[in-house]
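Enquirer: Before I ask anything, let me first share the structure, which is written out below as structure tokens.
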Amino acid sequence: MPLAIGCDHAGFPLKGPVIALLKSWGHTVRDCGTFSEDPVDFPDIAKKVCDEVLAGRAQRGILVCGTGVGACIAGNKVRGIRAALCHDTYSAHQCVEHDDVNLLCMGAWIIGPKVAEEVLSAYLNARFSTSEEFRRRVRKLGEMEKQ
Ligand SMILES: O=C[C@H](O)[C@H](O)[C@H](O)COP(=O)(O)O
């Protein structure tokens with residue numbers, strides 16, 4: 001699956017291991033930065049990752065900051081992006097199945113590479129439900145964005 005990933009300085013230590021893991025699983029990964037622990041503003045990186053998803057160059061995005069909270073807030077400001085903060089495997093697959101989440105956010109201050117691996121596996125192996133109720137709700141989210 002083509003993926004886009006980004007992080008701020010706080011998320012940087014987790015991004016490298018995650019990229020290596022994603023590549024080992026056969027995914028293609030567009031790295032939107034940042035590329036060091038020098039301070040950056042997470043909304044700037046979030047925009048780059050979201051742009052990759054919205055342009056269709058990535059099927060899904062992954063964004064890492066300190067807690068994942070700022071990343072998730074930023075992602076959900078972007079029309080067409082449905083971001084979820086997940087540090088557990090149930091949320092990671094359920095958010096795709098029910099809510100068609102296309103941006104997974106994680107916090108490098110909260111989880112390490114081994115938990116992130118399980119969360120990412122759940123997220124990437126999940127598919128959006130074909131049930132009308134979930135499709136209807138996601139359509140309504142899209143309508144809310146236009147208001
Ligand atoms: O939600 C925001 C993120 O956790 C940021 O990564 C965090 O606020 C960065 O903090 P600092 O600039 O103090 O490293």
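Just so you know, all these numbers are worked out from the coordinates, no wet-lab data involved. All values derive from a computational prediction rather than experimental measurement. Virtual Cβ from ideal backbone geometry, glycine too; neighbours counted across all protein chains shown.
Enquirer: Which of (1) in a loop (DSSP other than H, G, I, E, B); (2) of a type outside the set (Ser, Thr, Tyr); (3) over 18 Å from residue 116 (Cα atoms) is the odd one out, the single condition residue 10 does not satisfy?
Expert: The one condition residue 10 does not meet is (3).
Enquirer: Residue 77 versus (1) within 15 Å of the ligand (Cβ to nearest atom); (2) surrounded by fewer than 16 Cβ atoms within 10 Å (Cβ to Cβ); (3) more than 24 Å from residue 147 (Cα to Cα): which is the lone unmet condition?
Expert: Here residue 77 clears every test but (3).
Enquirer: Give me a count of the residues in the stretch 1-44 that are small (Gly, Ala, Ser) and farther than 24 Å from residue 77 by Cβ.
Expert: Start the filter on the stretch 1-44 by keeping residues that are small (Gly, Ala, Ser), which leaves 4, 6, 10-11, 16, 20, 24, 26, 33, 36.
After this cut, where a residue has to be farther than 24 Å from residue 77 by Cβ as well, the list is 16, 20, 24, 26, 36.
Number of matching residues: 5.
Enquirer: Looking at 41, 51, can you tell me which residue is of a type in the set (Asp, Glu) and either more than 14 Å from the chain's Cα centre (by Cα) or within 15 Å of the ligand (Cβ to nearest atom) (or both)?
Expert: 41
Enquirer: Further, regarding this structure: For residue 4, only one of the following conditions fails: (1) within 16 Å of the ligand (Cβ to nearest atom); (2) without any contact (Cβ under 8 Å) to a residue 60 or more places away in the chain. What is its number?
Expert: Exception for residue 4: condition (1).
Enquirer: Still on this structure: If you go through the stretch 82-96 one residue at a time, do you hit one that is within 20 Å of residue 7 (Cβ to Cβ), among the basic types (Lys, Arg) and surrounded by fewer than 17 Cβ atoms within 10 Å (Cβ to Cβ)?
Expert: no
Enquirer: Continuing with the same structure: What single numbered condition from (1) of a type in the set (A, V, I, L, M); (2) within 15 Å of the ligand (Cβ to nearest atom); (3) within 19 Å of residue 25 (Cα to Cα) fails to hold for residue 111?
Expert: Only one criterion in (1) of a type in the set (A, V, I, L, M); (2) within 15 Å of the ligand (Cβ to nearest atom); (3) within 19 Å of residue 25 (Cα to Cα) is unmet by residue 111, namely (3).
Enquirer: Against the condition assigned to a loop (DSSP other than H, G, I, E, B) and crowded, with 17+ Cβ neighbours inside 10 Å, how does residue 18 come out, does it pass?
Expert: no
Enquirer: Out of all the residues in the stretch 25-55, which are assigned to a strand (DSSP E or B) and farther than 14 Å from residue 8 by Cβ?
Expert: 28, 29, 30, listed by residue number.
Enquirer: Which one is farthest from the chain's Cα centre (by Cα), of the residues in the stretch 109-147 that are hydrophobic (A, V, I, L, M, F, W, C) and more than 15 Å from residue 95 (Cα to Cα)? Quick ask: steps written out before the conclusion?
Expert: As a first pass, look at the stretch 109-147 and keep what is hydrophobic (A, V, I, L, M, F, W, C): 109-111, 115-116, 119-120, 122, 124, 126, 128, 134, 138, 141, 144.
When the remaining residues are screened for being more than 15 Å from residue 95 (Cα to Cα), the result is 109-111, 115-116, 144.
Working: 109: 16, 110: 16, 111: 15, 115: 15, 116: 12, 144: 21 Å.
My answer is 144.
Enquirer: Looking at the stretch 56-72, can you tell me whether even one residue there is in contact (Cβ under 8 Å) with a residue 60 or more places away in the chain, of a type outside the set (Gly, Ala, Ser), away from the ligand (no atom under 16 Å from the Cβ) and part of a helix (DSSP H, G or I)?
Expert: no
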